[in-house]
Each structure stands twice: as structure tokens, then as C-alpha cells.
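Novice: What follows is a structure written as C-alpha cells; I'll ask about it next.
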Amino acid sequence: MKKFSCLITTLGIIFLTSCSSENSRNSQEVVAPSKIVTPIEESPAHTHNSEAPNHEVKISDHVLAEEGLPKELVCMVNNAYMGKKQYPVQHEGKQYYGCCQMCVNTIQSNRHVRVALDPLTGKEVDKSLAYIAPEPGSTNNGVLFFESQENYLKYMN
């Protein structure tokens, strides 16, 4: 049992640090299982750090449109506004976004990261279809996923 606990702890640490270790990647393409995913936009300063999204651009810099925050600027694995375009990930005809290769793989293989619970209703929402809004009080550009703009407005009032 002790060995199993150590293994789980080690795997958890690897998963949590994988996004930040992607900073050294120089390639313009991300190879995903059975696909090539090309970033929408890549710059030398593109960060892949799940613990510290790009704080140069705050969520408040973007006015919430009828569609919510731009989906392509959100890492849907870390549930964080990253401030720059993320890697697009097609899955079952829907478009998701992740900040690094680990997130791309996670989106493709784990259903639980492709869905969230609407904070107002508790109903499951597909992140690719959700109204994405800033998480009130978040210090790390966290976001929430709502079934609709109407649910977001009710939640905020």
C-alpha cells in the first residue's frame, strides 16, 4: 500500500508540473495521438504553466460578449484564462482548447475535463458549448462554465 501511495503521489506531481515543463518546446506543432494539432498562434513568450496563467493580460481586459470569454484564450484543463490563443483540440466534432501537449492529451482522453458543472444549476455543461466567465474572486484568472449567459447573469445577481 505504501508503494502504491508513493506511485500516485509521483504521478500527481508529474501531471501538475508537465504544463510548466513544456516551456522549452521549440516546435510549432504539437503531435497528439493520431493527429497533428497546430497552435492558432504561437509566440516565443507563449507560456504553458498551469499554476501561473499569463498575468500580463487580465480577464478584465476583455469585455464579456454575448458568447462569454473567448474560448480560444482559455485552457479548459486548468480552467484558467491564459490571455493568448491556446492549442485547439478537436474531439467528437467539438472544439476544446489546452495550453500544452499534456492538456491536449488530457482533453482527448478524459471526459471529465471536457465537462463542468454550471455553478447556478449544477447541471453538466460541455466546455466547448459553455458560456465562459471569470470566476469571482479568483486570483489566478480562474473561469467558470455556464449553460448560458442567462445562467451567468442570474449567478452574479
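Since every read-out is calculated from the coordinates, none of them should be taken as a lab result. Small disclaimer: the values here were computed from a predicted structure and weren't measured. Using ideal geometry, Cβ is built from the backbone for each residue, glycine included, and neighbour counts are taken over all protein chains shown.
Novice: For segment 62-112, taking Cα atoms only, what is the radius of gyration to one decimal and the Dmax to the nearest whole Å?
Specialist: Calculated on Cα positions, Rg and Dmax stand at 10.9, 32 Å.
Novice: Among 116-125, 97-106, 136-145, how do they line up by average Cβ neighbours within 10 Å per residue, starting with the highest?
Specialist: 97-106, 136-145, 116-125
Novice: Kindly rank 108-114, 149-155 from highest to lowest mean number of other beta carbons found within 10 Å of each residue.
Specialist: Highest to lowest by the protection proxy: 149-155, 108-114.
Novice: Residue farthest toward the positive end of the dipole of segment 108-151, with Cβ of Lys/Arg at +1 and Asp/Glu at -1: which of Gly137, Leu120, Ser109?
Specialist: Result: Ser109, furthest along the dipole toward the positive end.
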